[in-house]
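Each remark here refers to the structure printed beneath this line.
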Amino acid sequence: MKDFPYKHGGNIYLHAKKNNIPISNIIDSSASIVPFNPPKFLIKALYAEIKAGYYKYYPDKSFNNLREIIGEFHNVHPDWILPGNGASELITWVGLEASKIGKNCLPIPSFIDYERSLNCWKAEYIFSELPKEWPESNPQEFPINKQSDVIWITNPHNPTGQLWSRKSLENVLNKYKLVICDEAFLSITPDGENESLIPLIGAYDNLIVIRSMTKLFSIPGIRLGYLVSSSKKLESIIKNRDPWPLNCFAIKAGKTLLNNKRNYDNWINKIHNWIQTEKTWFSNKLSKNSELRVHFSSTNFFLIESQKSFLPNINYLASKGILIRECASFRSLNENWARISIQTHQKNRKIANEIQNSFLN
Ligand SMILES: Cc1ncc(COP(=O)(O)O)c(C=O)c1O
């Protein structure tokens, strides 16, 4: 049986199959997801959902209750919210809207799904390369100023981890017919929310913000994200997409995770503390290796750059059950680069030690 083609991190099933090991034996540092179990209150709510048997009915097509909760959470009108089957599904539909407007600009290196979506709708697009050197500070000024109708921004940027300032993005909003800002990692990023464009939604109808619940709550298997926009384009997306893109468990998860501020804040504090502590430890540890450069990041992943191809090191790590993200598949990066996502301290220690060993092999 053939595996489907992919260009993302997190290929744990393939690795487990190839090596005949359970996925629980793998340290997956290639997908940037919180390494803790999801919050207990979420698991409890999902069990309750099974018990209540709502899966016997089609889910609410309008997501009314979920939209209300997300709207209240962000202090925006529920009509400006559109939940989706992960940010990825929403990226697909936003691409269709973007394709109708004109030329799209994609900063590179970037998350591969924007290109997938634009190809899907045969959209016109160009690339604009981000500088390979960036300041070691947060937030930074968004550096791209290319002529186009639509621009796709990731804040913080994947794979570089740069956090763009809201102020610099406001300038972008005044230049483009449509600005798509993917904030998949923003809530996970310490002080990230200060740079969110969601508070500007009411003032700019050329803005679409994309959010993902995947990373922060460690629920990639649930598939849950949402759009925030005051643009009429949401109506067009609703008309085109399939009628029940979210199942009842994803809807329940969204409602549970965002309707209790105290639970949310407790979780966020735990995650931000973990990132601050482990990012500093991890990058200091790896920086001691003179063959590696560790690039500054605002969030739970960072880029490393080797003086020569890092692929042999990546293969060595894989043989030890550690997956990190190769970067040759990112436009404008090459085999010398790799992206690492932060894990729990014990695992970070193991990854750092094995990276050291990988140079001895
Ligand atoms: C920048 C970015 N946006 C969106 C996604 C997709 O998120 P979701 O799991 O919600 O589809 C990813 C996944 O890696 C990502 O890196």
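Computed over protein heavy atoms with a 1.4 Å probe, the accessible surface of the chain works out to 47 Å² per residue. The residue list LEU286, ILE208, PRO245 was ranked by how far each Cα lies along the charge dipole of the chain toward its positive end, using unit charges on Cβ atoms, and PRO245 comes out on top. With all protein chains in place and ligands, DNA and RNA left out, the 1.4 Å accessible area ranks PHE302, PHE296 as PHE296, PHE302, largest first. Residues GLU195, GLU136, ordered by accessible area of protein heavy atoms at a 1.4 angstrom probe radius and largest first, appear as GLU136, GLU195. Given R0 = 25 Å, the distance between the Cβ atoms of ALA203 and ASN145 translates into a calculated FRET efficiency of 0.75. Net length available on complete extension from LYS103 to ASP60 is 11.9 nm, with 0.36 nm assigned per residue and the Cα-Cα distance removed.
The distance between label points at ALA52 and THR280 comes to 4.2 nm (points 7 Å beyond Cα on the Cα→Cβ vector). Averaging the Cα positions of each part gives two centres, and for the range 212-251 and the range 65-130 these lie 11 Å apart.
Using a probe radius of 1.4 angstrom, the carbon and sulfur fraction of the accessible surface of the range 63-142 is 48%. Within the full protein context, the accessible area of THR277 is estimated at about 90 Å² for a probe radius of 1.4 Å. Taking 7 Å steps out from each Cα toward its Cβ at ILE268 and GLU129 produces label points 3.8 nm apart. Between the beta carbons of SER290 and SER165, assuming R0 = 45 Å, the FRET efficiency works out to 0.85 to the nearest 0.05. Translational diffusion of the range 54-106, estimated by Stokes-Einstein from the Kirkwood radius over alpha carbon pairs at 20 °C in a medium of 1.002 mPa s, is 163 µm² per second. Beta bridges per DSSP, both residues in the chain: antiparallel share near 45 percent. Once the C-beta distance of LEU14 and SER309 is scaled by a Förster radius of 22 Å, the resulting FRET efficiency is 0.55 to the nearest 0.05. Of the DSSP H helices in the chain, those that are both long (alpha-carbon extent of 20 Å or more along the helix axis) and hydrophobic (Kyte-Doolittle mean at least -1.0) are 86-101. A 1.4 Å probe over all protein chains sorts CYS120, CYS327 by accessible area into CYS120, CYS327, starting with the largest.
The values are calculated or read from the model by the stated rules, or taken from the named source; none is laboratory data. Note that the structure is predicted; figures quoted are calculated from it, not measured. Positions of Cβ are generated from backbone atoms using ideal geometry, with glycine treated the same way; all protein chains shown enter the neighbour counts. Surface areas here come from the heavy atoms of the whole protein model, side chains and all, with no ligands, DNA or RNA. Shrake-Rupley method; radii C 1.70, N 1.55, O 1.52, S 1.80 Å.
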